[in-house]
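This report refers to the structure that appears directly beneath it.
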Amino acid sequence: MNRSERMQLAKETVEIVEQGYYKCPTGRIINIVEPVRACLQATRYFPPEELERIRQDVLVRPAEGLATTFEIVNETTFFTPTP
């Protein structure tokens with residue numbers, strides 16, 4: 001995907017979020033108002049100094065339970081839910 005295609009995809013994504021729905025290729029309308037609202041309500045901003053404090057807190061405690069894995073992948077914002 002080239003830069004122009006990525007820009008167009010980003011523009012379409014913003015338009016979808018602003019209108020609150022999108023239409024699947026099958027014609028089905030997908031309402032995203034509630035998921036977007038929930039996402040915005042759950043979003044937190046961590047300034048750099050708070051992230052450093054959190055990092056230090058985590059490093060001084062022994063690990064418990066399952067290990068956490070972080071994965072960075074190159075993905076688009078395009079999503080089509082299964083019917």
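To put it simply, the accessible area of the chain at a 1.4 Å probe is 59 percent carbon and sulfur. Per residue, the Cα convex hull of the chain amounts to 182 Å³. Note on GLU18: accessible area approximately 150 square angstrom, rounded to 10, probe 1.4 Å, nucleic acids and ligands left out. Taking 0.36 nm per residue of sequence separation and removing the Cα-Cα distance, the ARG3/CYS24 pair yields an extension gain of 5.2 nm. For the chain, the solvent-accessible area with a 1.4 angstrom probe is 96 square angstrom per residue. Mean residue ellipticity at 222 nm, helices only, the chain: -15500 deg cm²/dmol; runs of at least 4 DSSP H residues each add -39,500 (n - 2.57), and the sum is divided by the number of residues. Rounded to the nearest 10 square angstrom, GLU15 shows an accessible area of 90 square angstrom against a 1.4 Å probe. The LEU51 and ALA10 beta-carbon pair, evaluated with R₀ = 30 Å, returns a calculated FRET efficiency of approximately 0.70. Estimated from the Cβ-Cβ distance and a Förster radius of 30 angstrom, the FRET efficiency linking LEU66 and GLU34 is about 0.50.
The values are calculated or read from the model by the stated rules, or taken from the named source; none is laboratory data. Predicted model only: the values in this text are computed from it and were never measured. Positions of Cβ are backbone-derived with ideal geometry, glycine not excepted, and every protein chain shown enters the neighbour counts. Side chains are part of the model used for accessible areas, which takes the heavy atoms of the whole protein and leaves out ligands, DNA and RNA. Shrake-Rupley method; radii C 1.70, N 1.55, O 1.52, S 1.80 Å.
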